[in-house]
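Heads up: the structure comes next, in structure tokens.
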Amino acid sequence: MVDKQTIIEVKVDELVDKAVLMKGQGYRLVQISCTYKENFEITYSFDKDYELVHYRIHVERDEEILSISQIFFSAFIYENELKDLFGVKIKDIAIDYEGGLYRVAKKAPFAPQNKEEEEAKHV
Amino acid sequence: MSKRTIVPFGPQHPVLPEPIHLDLVLEDEKVVEAIPSIGFVHRGLEKLVEKKEFTEYVYVAERICGICSFMHGMGYCQAVENIMGIKIPERAEYLRTLWAELSRIHSHLLWLGLLADAFGFESLFMHCWKLREQILDVFESTTGGRVIFSVCKIGGVRKDIDQDTLKGIVAVIDKMQKELKELTDVFIEDYSVKHRLVGVGVLTKQEAHEVGAVGPMMRASGINQDMRKLGYAAYKYLDFEPVVENDGDCYARTLVRIREIYQSMDLIRQCAAKMPEGEIEEKFKGMPSGERFERLEQPRGEVIYYVKANGTKFLDRVRVRTPTFTNVPALLKILQGCDLADVPMMVLTIDPCISCTER
């Protein structure tokens with residue numbers, strides 16, 4: 001069996017519709033991950049019968065996106081993680097920790113939030 | 001409505017080998033809601049990829065967890081190998097599979113011991129961990145390490161196992177299987193064990209799918225999915241079927257793990273019988289460029305290694321989606337409506353690995 005994977009780029013406002021579509025087709029939410037380069041590259045992965053489908057959105061730092069935890073409950077944990085680690089702004093999360101999922105001394109978000117903070121970190 | 005009380009569970013608790021915290025909202029003795037929080041041992045290992053070369057990061061990946069450390073290294077290596085188009089030698093695939101299945105046995109035995117300890121069966125706990133020692137001895141004799149092996153590298157493995165040692169491993173497994181049968185009979189048949197596990201923490205097939213449960217947690221609820229069926233490493237050459245139970249309770253999760261130990265023993269015998277002669281490492285040149293989501297079946301379930309490479313020796317991103325992190329929503333689901341006294345059993349039967357979760 002080959003691990004078939006497809007990455008599909010979608011617009012931010014199409015994401016919730018895609019999540020509803022995936023739910024309707026019987027897919028399972030596998031993970032949500034984020035990479036930051038010039039903006040947040042967030043990938044939502046769904047699985048059905050060993051086939052992975054990834055929907056990818058690009059989000060600007062000050063842009064707010066909608067949670068999909070009302071569609072896939074398990075999304076709440078990934079979305080809180082994105083908030084804590086990267087500072088992605090997500091609204092309507094089923095259980096919103098407001099940056100407190102990781103109980104560490106450092107205040108969330110952990111990643112630098114602007115150019116100055118980024119530069120200060122690289123000194 | 002009864003008065004609501006919030007009871008903190010963890011991060012220090014007799015049944016928790018590692019720290020996780022739950023705020024349990026109770027009405028009398030019933031849990032109506034559970035809010036988890038983590039971060040007590042958060043290490044930021046994903047971030048460390050920016051400072052380690054991609055060949056060095058294998059050592060970091062292995063240190064994510066001390067129980068499935070080999071499979072973390074293997075997952076990372078597979079992801080990079082797939083990005084770079086490296087086909088590792090067949091013998092290396094078999095060796096990786098062998099160590100992975102030994103890791104599964106050791107992890108499940110460790111968990112069975114912890115479960116026995118949690119429901120107060122101290123001697124059963126000791127017997128489980130005594131058996132587990134034999135697997136750790138095999139690790140030590142074949143890799144030099146009992147917890148962290150450092151035998152996995154991009155392109156293959158560092159150490160070979162000669163034919164006599166392979167026969168020795170099969171002999172250990174055969175001997176262990178008899179001793180294991182005595183132990184697992186207690187877990188399966190004993191009245192007091194069943195009393196604590198049967199009908200407790202039921203997760204239906206539908207719920208397991210909806211909350212995205214993985215691994216034994218998912219298979220105990222009747223979902224037939226095991227990432228080893230993707231055919232990575234030597235699994236494509238081996239004959240096995242996922243272990244599935246249908247009741248979805250703590251007992252079913254225990255049965256799945258017990259049956260998986262026997263399955264792993266069989267897979268080890270198959271590996272020893274089918275392992276071809278040959279090289280154990282494929283030399284490679286160049287730097288990785290591209291991205292890959294790599295999936296493996298760890299003892300606790302599906303793990304995902306996401307690697308994004310930019311053509312330099314430093315990767316852009318490594319993301320590890322571990323099975324325990326994914327099973328937290330499933331845990332919340334089964335905790336709703338349970339008795340406070342059953343909470344430890346339920347927390348334990350997801351087989352929580354907080355080192356993995358915290359990364």
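Values quoted throughout were computed directly from the atomic coordinates according to the rules given, and no laboratory measurement underlies them. Every value quoted in this text rests on a predicted model; they were computed, and no experiment measured them. Neighbour counts run over all protein chains shown; Cβ positions are idealised from the backbone, glycine included.
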- Task: Arrange A:Met22, B:Met84, B:Met287, B:Met218 by Cβ neighbour counts within 10 Å, fewest through most, would you?
- Result: B:Met287, B:Met84, A:Met22, B:Met218
- Query: Which ordering of B:Arg104, B:Arg317 is given by a fewest-first count of other beta-carbon atoms within 10 Å?
  - Reply: B:Arg317, B:Arg104
- Query: How many Cβ atoms of partner chains, on average, are near each residue of B:35-46 if near means within 10 Å of its Cβ?
  - Reply: 4
- If you rank B:Trp111, B:Trp129 by fewest surrounding Cβ atoms within 10 Å, what's the result? B:Trp129, B:Trp111
- Theoretical FRET efficiency, 1/(1+(r/R0)^6), r = Cβ-Cβ of A:Gln70 and A:Lys107, R0 25 Å, to 0.05: 0.35
- Task: Subtract the Cα-Cα distance of B:Arg43 and B:Phe240 from 0.36 nm times their separation in residues, and report this length gain in nm to one decimal.
- Result: 67.3 nm
- Charge context of B:Pro242, other residues only, Cβ under 11 angstrom, K/R +1, D/E -1: -1
- Task: Count, for each residue of A:59-72, the Cβ atoms from other chains sitting within 10 Å of its Cβ, then give me the mean as a whole number.
- Result: 0
- Note on the structure: For B:Leu267, the net charge from surrounding residues (Cβ-Cβ under 11 Å; K, R +1; D, E -1) works out to 0
- Compute the longest continuous run of chain A that contains no exposed trypsin sites (Lys or Arg not before Pro); treat a site as exposed when its DSSP state is not H, G, I, E or B and it has at most 13 other Cβ atoms within 10 Å. A:38-105
- Task: Starting from the Cα gyration tensor of the stretch B:1-42, take the square roots of the eigenvalues, sort them a ≥ b ≥ c, and report rounded, prolate or oblate (rounded when a/c is under 1.5, otherwise prolate if a/b is larger than b/c, else oblate).
- Result: prolate
- Karplus couplings for the stretch B:304-316 from phi (6.51 cos²θ - 1.76 cosθ + 1.60, θ = phi - 60°), rounded to Hz, Gly and Pro as x? 10, 9, 9, 10, 10, 10, 10, x, 10, 7, 9, 7, 6
- Item | Karplus 3J(HN,Hα) series, Hz, for the stretch B:198-207 with 6.51 cos²θ - 1.76 cosθ + 1.60 (x for Gly, Pro) | 5, x, 9, x, 6, 10, 6, 4, 4, 5
- Item | Residue-averaged [θ]222 nm for chain B, counting only DSSP H segments that reach four residues, each worth -39500 (n - 2.57) | -15000 deg cm²/dmol
- Query: Shielding of B:216-228 by partners, i.e. mean partner chain Cβ atoms within 10 Å per residue?
  - Reply: 1
- Taking R0 as 22 Å, what's the FRET efficiency between B:Glu189 and B:Ser123 from their Cβ-Cβ distance, rounded to 0.05? 0.90
- Note on the structure: Of all trypsin sites (Lys or Arg not before Pro) in the stretch B:235-315, the ones in DSSP coil with at most 10 other Cβ atoms within 10 Å are B:Lys283, B:Lys285
- Item | Spin-label pair B:Lys87/A:Ile95, simplified geometry with 7 Å Cα→Cβ offset, distance in nm | 4.7
- Global size of the stretch A:5-122 as Cα Rg and Dmax, reported in angstrom: 14.6, 47
- Note on the structure: About its Cα centre, chain B carries a charge dipole, from +1 on Lys and Arg Cβ atoms and -1 on Asp and Glu Cβ atoms, whose size in debye to the nearest 20 is 1020
- Item | Size-normalised alpha-carbon gyration radius of chain B, reference 2.2 N^0.38 Å | 0.99
